[in-house]
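To start, the structure itself, in structure tokens.
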Amino acid sequence: MLFSTLKIGGSSGRASAARAPAGQQSIPVEPIVDTPVENSNGSCVDLHPGHGDASTPGDRNGIALALGGGAARGWSHIGVLRALDESGVPVKMIAGTSIGALVGSCYLAGKLDELEEFALSLTPRRILGFLDFSLRSSGLISGHRLAERMEEHLGNMRLENLSHPMVCVATEIKTGHEIWLSKGPIIDAVRASYALPGIFEPVMLSNRLLVDGALVNPVPVPVCRAFEADAVVAVNLSSDVFGRGTVVRDFSSENGNGEDPQPATPQPPEIESKTFAKMGKAMGVTSVMVEAFNIIQDRIARSRLAGDPPDLSIRPAVGDIGMAEFHRADELIALGREAAMREMDRLASLATPVRLEV
């Protein structure tokens with residue numbers, strides 16, 4: 001299946017094409033230029049030309065970050081960015097999917113401190129307070145309360161006015177198009193990028209109904225490549241979640257208590273105990289949807305990263321933390337920082353490309 005890519009508000013009028021696997025035809029797509037975007041209060045604003053690309057002729061130092069989706073696990077992005085700042089590794093651009101779009105936008109907007117403070121303040125009870133459930137909409141949660149909280153710090157800030165290029169990846173639900181939001185109000189772009197189908201209401205922008213970008217591009221490395229970045233670093237939040245075998249062969253459909261002719265692969269005691277604990281309780285509708293989405297995201301990420309790999313991957317060990325455990329921000333931030341520090345020598349090298357004297 002081919003997903004075409006649209007760059008919303010692109011500064012070029014040339015037609016682009018989605019990259020297709022060998023033997024398949026690319027789908028030509030005409031970029032949308034200066035298209036009005038309807039924001040959260042119902043008014044329309046124009047998308048004006050903003051950042052061109054990440055290849056600044058005057059200063060080539062720096063890396064492009066592709067921040068992947070992963071719901072609560074995305075708090076580890078904060079730790080990665082903290083480690084980069086502490087080590088003096090400059091960031092030239094960010095492409096983010098889902099919570100990666102939120103963290104990346106806050107970082108480039110100079111609001112990472114506020115986001116970290118918010119994340120660390122979350123408790124299970126407080127999280128429920130932000131969930132405005134709605135049974136009459138196309139999602140269980142409308143998301144307006146979260147948008148109101150973002151408005152306190154991001155207000156009317158726009159993507160094209162940030163210090164460096166920022167792209168939020170979303171999916172058009174009716175066509176499967178991959179949408180790159182690089183201009184317009186930050187809050188609306190972020191909401192569209194993390195609108196998990198069935199959980200959050202889709203977001204309507206420029207007459208396109210948008211949902212979570214992880215459906216088509218969980219770790220948006222190709223976006224950074226398209227912006228001509230010299231070095232692309234991916235932060236993949238699902239690499240240790242399902243990074244094992246994917247096929248169980250010759251499994252019997254008989255549901256009995258007899259000896260299993262093909263026993264499951266032995267697991268470490270701590271993982272095995274958690275698995276049995278989950279099996280002992282029935283999964284709710286939301287849990288089933290989130291876990292299914294997690295599996296889909298992992299499969300798509302592995303496929304796309306194999307076809308267009310980054311120059312370096314940072315893989316925080318967040319597999320033991322659930323996608324809905326937003327109250328564990330302190331652990332996640334620490335895991336993100338730890339993962340980035342392990343790769344710091346390589347990151348510093350990528351941020352300073354070798355210059356050839358003529």
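Throughout, read-outs are computed from the coordinates displayed, never taken from laboratory work. Only a predicted model underlies this, so the values are computations on that prediction, with no experimental measurement involved. Virtual Cβ from ideal backbone geometry, glycine too; neighbours counted across all protein chains shown.
At a glance:
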read-out: Cα gyration tensor, the range 90-142 - rounded (a/c under 1.5), prolate or oblate; value: oblate
read-out: Residue 86-residue 125 FRET efficiency (beta carbon distance; Förster radius 41 Å; 0.05 resolution); value: 0.80
read-out: Inverse of mean 1/r across different Cα pairs in the range 86-187, Kirkwood, Å; value: 15.2
read-out: Alpha-carbon centroids, the range 185-222 and the range 102-169: separation in whole Å; value: 13
read-out: Kirkwood Rh in Å, taken over the range 124-242 so that all alpha-carbon pairs contribute; value: 15.5
read-out: Convex hull volume of the range 166-211 per residue (C-alpha atoms, cubic angstrom); value: 61
